1. On the first, second and third principal axes, largest extent first, how far apart are the outermost C-alpha atoms of region 1-119 in Å?
2. Quick check: at a probe of 1.4 Å, how many percent of the accessible area of the chain sits on carbon and sulfur atoms?
3. Would you give the gap between the C-alpha center of region 189-246 and the C-alpha center of region 93-118, rounded to a whole Å?
4. Per the Cauchy relation, a quarter of the hull surface: what is the mean projected area of the convex hull of the alpha carbons in region 8-47, in nm²?
5. Please compute, for the alpha-carbon atoms of the chain, the extent along each of the three principal axes and give them in descending order in Å.
6. Quick one: which of K82/K173; K10/K82; K82/K142; K110/K173; K2/K173; K10/K110 span more than 24 angstrom between C-alpha atoms?
7. Taking the solvent-accessible surface of protein heavy atoms with a 1.4 Å probe, what is the per residue accessible area of the chain in Å²?
8. Provide the net charge surrounding S77, with neighbours chosen by a C-beta distance below 12 Å and charges set as Lys +1, Arg +1, Asp -1, Glu -1.
Amino acid sequence: MKKLIAGNWKMNGSLQANAALMYALLLDASDWACDVAVCVPPTYLSQVQGLVHGSRLDLGAQDVSEHEAGAFTGEVSAGMLKDFGVRYCIVGHSERRHYHQESDATVALKAQRALAAGITPIVCVGETLAQREAGLTEEVVKRQLAAVVHTNGHCISEIVLAYEPVWAIGTGKTASPQEAQQVHHVLRTQLQAASQHADRVRILYGGSMNASNAAALLAQPDIDGGLIGGAALKAPDFLSIVAAAR
Ligand code: PGA
């Protein structure tokens, strides 16, 4: 399966900084063995759409409304994202679940909206440190994935899944390759029970993935790529992760 490396810029960037970063990424694109995407803030979709046009880089968003259209001030619909050539959309990132109280059911609806618009949702699941220490990791990620399976039925094989342990995000602490593989295997098994096409679902790891730990993580049998935060903002770091994804 072709791996996917997706950058999550979060709330970072400027017209000038984006142009410089994209220029450096696109210079390297002919060597890529994997799929590569950047998930940018909605205000920069138009800019980055223009920059990636005709290239090997795909455009992604970081969130989508659970509603189709209407009186939802500040929200952005899946149809609007599609208008800007968006191919992937992160849903259920732990920062959305935590700061915006997004429930499992909301995340499942967002994934459904994205799929209906022809956008691949990158569905994030992951446990907090307290949950890991209480031995609840598998229970938590299975519950989070079950909601998305329940709402999306047989379309589940069209998603990308990302395992992002909350304690590893932006902390410099990474799950060891074995710890990550164990959870990825649990998720793979759950997907297999839901769909006969589960083996085509890419399961990304996210949480302080960087140039030095990427190769070992990506060598695990059920780790099919990465969702990269901090390291996606520096072209050399992001490109070394992309180079490790073969
Ligand atoms: P990080 O973020 O790579 O900075 O840990 C990953 C993410 O939040 O998607």
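The values are calculated or read from the model by the stated rules, or taken from the named source; none is laboratory data. Small disclaimer: the values here were computed from a predicted structure and weren't measured. FYI the Cβ positions are ideal-geometry reconstructions off the backbone, even for glycines, and counts take in every protein chain you see. Protein only, heavy atoms only, side chains kept; ligands, DNA and RNA dropped before computing areas. Shrake-Rupley method; radii C 1.70, N 1.55, O 1.52, S 1.80 Å.
1. The Cα atoms of region 1-119 stretch 40, 35, 26 Å along their principal axes.
2. So the carbon and sulfur contribution to the accessible surface is 54 percent.
3. Cα centroid of region 189-246 versus Cα centroid of region 93-118: 21 Å apart.
4. Over all viewing directions, region 8-47 projects a mean Cα-hull area of 3.0 nm².
5. Extents along the principal axes, in whole Å: 46, 45, 33.
6. Details: K82/K173 35 Å; K10/K82 19 Å; K82/K142 30 Å; K110/K173 29 Å; K2/K173 26 Å; K10/K110 18 Å.
Beyond 24 Å between Cα atoms: K82/K173; K82/K142; K110/K173; K2/K173.
7. It amounts to 45 Å² per residue over the chain.
8. -2
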